[in-house]
1. Using Cα pairs closer than 8 Å and at least 6 residues apart in sequence, work out the relative contact order for the chain, in percent.
2. Using the heavy atoms of the protein chains and a 1.4 angstrom probe, tell me the accessible area per residue for the range 20-83 in square angstrom.
3. On the full set of protein chains, 1.4 Å probe, figure out the accessible area of Leu87 and give it in Å² to the nearest 10.
4. Convert each backbone phi in the range 61-69 into a coupling constant with the Karplus relation 6.51 cos²θ - 1.76 cosθ + 1.60 (shift: θ = phi - 60°), then list the ³J(HN,Hα) values in order as whole Hz, x for Gly and Pro.
5. So for the chain, what are the equivalent ellipsoid semi-axes in whole Å, largest first, each being the square root of 5 times an eigenvalue of the Cα gyration tensor?
6. Take Phe44, Phe113, Phe18 and sort them by solvent-accessible surface of the protein heavy atoms, 1.4 Å probe, largest at the top.
7. At 0.692 mPa s and 37 °C, plugging the Kirkwood radius over alpha-carbon pairs of the range 27-81 into Stokes-Einstein gives what diffusion coefficient in µm²/s?
8. Please arrange Val25, Val16, Val6 by accessible surface area, largest first, computed with a 1.4 Å probe and ligands excluded.
Amino acid sequence: MPNRPVNSHERYHAHVYFDEATEAVARDLCINAWRNCHVGLGRFHRRLVGPHPRWSCQLTFDADEFDRLIPWLDEHRGELDILVHPLTDDALEEHTSLATWLGDEVALAVDVFKSD
């Protein structure tokens, strides 16, 4: 079972994953999260970005919004998978040992964070 989000840091990202069939649902979810939960709304990427193996949209929020946003996302996400991670100074750790999930865990392309 995937690690579930816990409010233990100051700032967070939630990456909502979608594909062509679920894009409209993801757009509605992210826009409603922005409207109802007052989070930062990033671009809707219809391509792979960074370590993300699916199309995605990023939500940015802090610990004060966490306890309202995370249950709201979980209730409204349907079948969408969402990566939730804190913002630290270690991107690799954020996307590995600190990564938590709403829905199924998705294998990330963390090699983008490793230097040669």
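1. Reported as a whole number, the value is 35 percent.
2. Accessible area per residue: 56 Å².
3. Looks like 60 Å² after rounding.
4. Computed from phi, the couplings for the range 61-69 are 7, 10, 4, 5, 8, 3, 5, 8, 5 Hz.
5. Each semi-axis is √(5λ); the values are 20, 17, 13 Å.
6. Phe113, Phe44, Phe18
7. Approximately 278 µm²/s, per Stokes-Einstein.
8. Most to least solvent-accessible, the answer reads Val6, Val25, Val16.
The values are calculated or read from the model by the stated rules, or taken from the named source; none is laboratory data. A quick note: this is a predicted structure, and the numbers were derived from the prediction, not measured. Heads up: the accessible areas ignore ligands, DNA and RNA and are worked out on the full protein's heavy atoms, side chains in. Shrake-Rupley method; radii C 1.70, N 1.55, O 1.52, S 1.80 Å.
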